[in-house]
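Novice: Mind looking over this structure? Questions follow.
The numbers here are math on the coordinates, done by the rules we state, and not lab data. Just so it is clear, the model here is predicted, and its values are computed rather than measured. For neighbour counting, all protein chains shown are included, and Cβ atoms are generated from backbone atoms with ideal geometry for every residue, glycine included.
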Amino acid sequence: MGWYGEWVFPRLLDWSMAGQPFADYRRQLLAPVKGDVLEIGFGTGLNLAYYPDTVTSLTVIDPNPGMAAIAQPRLQRTALKCQSRPLRGERLDFPAHQFDWVVSTWTLCSIADRDRALAEIHRVLKPGGRFAFIEHGLSPDPAIARWQTRLTPLQKRLADGCRLDQPIADLIRRHFDLDTLVTEYAPNLPKTGGYFYRGVAVK
Ligand SMILES: C[S@@+](CC[C@H](N)C(=O)[O-])C[C@H]1O[C@@H](n2cnc3c(N)ncnc32)[C@H](O)[C@@H]1O
C-alpha cells in the first residue's frame, strides 16, 4: 500500500465521513447491537461513539495500518472492551460461531472478494446471529448505474479499491436471510456514491 492509501486516504475518509448524514445512519444502525460484536473495515473508528452499552466485547479488523493509526487513540479512550486486528474480511482468523453481531459500514465496496468475506461473516456468527450493514452500491436507475460502472475504475484509484457498482442486497442474500432492508439515495450526496442499502441480515 502506497503513501496515498496509507496516509492521505485515511485522513480524507475521517474528515468526509464523520459528519451528517453519516452520524445519524451510524447511530440508528448500531442501536440494537449487543453481545460479542465484530466490526469489519473499522477504518478510523468513526462508529465507536455509537455503540450502545449492551455490547459486551468489540473486536475490530482493518487491513490498512494508516486507518489503525488514527483509530488507536480512539480505541484507548473508549469504555468498551475492545481488541483490534490487522485482518481482511476475506480471512477472519476467528473460530466459527464466535460473535452475536457483525457490523459493516461502507466497507463491502472496498473488499476485493465480497462473496468470500460474506461467507466468513456467516461462519463466525453464532446461529441466529445478525449482520448489521450500511453500504453504498448499485442504483436501480439505469442511467445512474451506467455512470457507476464508468466511474468505478477512477473511484478504485481514489478510494483504495472502493467500487460504486455492487448489488449489495443480492450479494448479502446469497449468504443470509434479510430481516430488514431499506434502500434510498442519501441526502446531499452524489447519486453515484449515495445509493444506500441498510439493514440487518440473519444467519
Ligand atoms: C470507506 S472505508 C469505511 C470505514 C468505516 N467502516 C466507516 O464507516 O467509517 C472502508 C474500509 O474498509 C477497509 N478495507 C479495505 N479492504 C478490506 C478488506 N479486504 N477487509 C476488511 N476491510 C477492508 C479499508 O481499509 C477502510 O477502512
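Novice: Give the order of 144, 61 when sorted by the count of other beta carbons within 10 angstrom, beginning with the fewest. Before the final figure, lay out the partial values.
Specialist: Working: 144 18, 61 22.
So the residues, fewest neighbours to most, are 144, 61.
Novice: Here's a follow-up. For the chain, with only Lys/Arg (+1) and Asp/Glu (-1) charged at the beta-carbon, what is the dipole magnitude about the Cα centre, in debye rounded to 20? It would help to have the intermediate numbers written out before the result.
Specialist: On the way: 25 positive and 21 negative charges, 26 e Å.
Result for the chain is approximately 120 debye, rounded to the nearest 20.
Novice: Here is a follow-up. Can you work out ³J(HN,Hα) from phi for every residue in region 131-145, in order, using Karplus 6.51 cos²θ - 1.76 cosθ + 1.60 and θ = phi - 60°, giving whole Hz and x for Gly and Pro?
Specialist: 10, 9, 9, 9, 9, 9, x, 4, 7, x, 7, x, 5, 5, 4
Novice: Working only with C-alpha atoms, what are the Rg and Dmax values of region 36-116, expressed in angstrom?
Specialist: 12.0, 34
Novice: For the pair residue 126 and residue 11, how long in nm is the line joining their label points, each one 7 Å along Cα→Cβ?
Specialist: Those two pseudo-labels are separated by 4.3 nm.
Novice: Separation between the residue 80 and residue 174 pseudo-spin-labels, each 7 Å from Cα along Cα→Cβ, expressed in nm?
Specialist: The modelled label-to-label distance comes out at 2.8 nm.
Novice: Ignoring solvent entirely, what values of log10 I(q)/I(0) come out of the Debye formula for region 81-156 at 0.13, 0.18 Å⁻¹ when each Cα is a single scatterer?
Specialist: Treating every Cα as an identical point scatterer, log10 I(q)/I(0) equals -0.50, -0.81.
Novice: Could you give each residue of region 121-126 its phi-based ³J(HN,Hα) in whole Hz, using Karplus coefficients 6.51, -1.76, 1.60 with θ = phi - 60°, and x for Gly or Pro?
Specialist: Going residue by residue, I get 4, 4, 4, 7, 7, 5 Hz, with x marking Gly and Pro.
Novice: Just for the Cα atoms in region 3-202, what are the lengths along the principal axes, largest first, rounded to whole Å?
Specialist: Principal extents (Cα only, largest first): 45, 38, 29 Å.
Novice: Starting from the Cα-Cα distance between residue 27 and residue 96, subtract it from 0.36 nm times their residue separation and give me the gain in nm to one decimal. Mind showing how you got there, number by number?
Specialist: On the way: separation 69, 0.36 × 69 = 24.84 nm, distance 2.79 nm.
Full extension from residue 27 to residue 96 adds 22.0 nm.
Novice: Shifting gears a bit: For the chain, what is the calculated [θ] at 222 nm in deg cm²/dmol (nearest 500), taking -39500 (n - 2.57) for each run of four or more DSSP H residues and dividing by its residue count? Mind dumping the intermediate values first?
Specialist: On the way: 6 runs with 64 residues, N = 203.
Helices in the chain give a 222 nm mean residue ellipticity of -9500 deg cm²/dmol.
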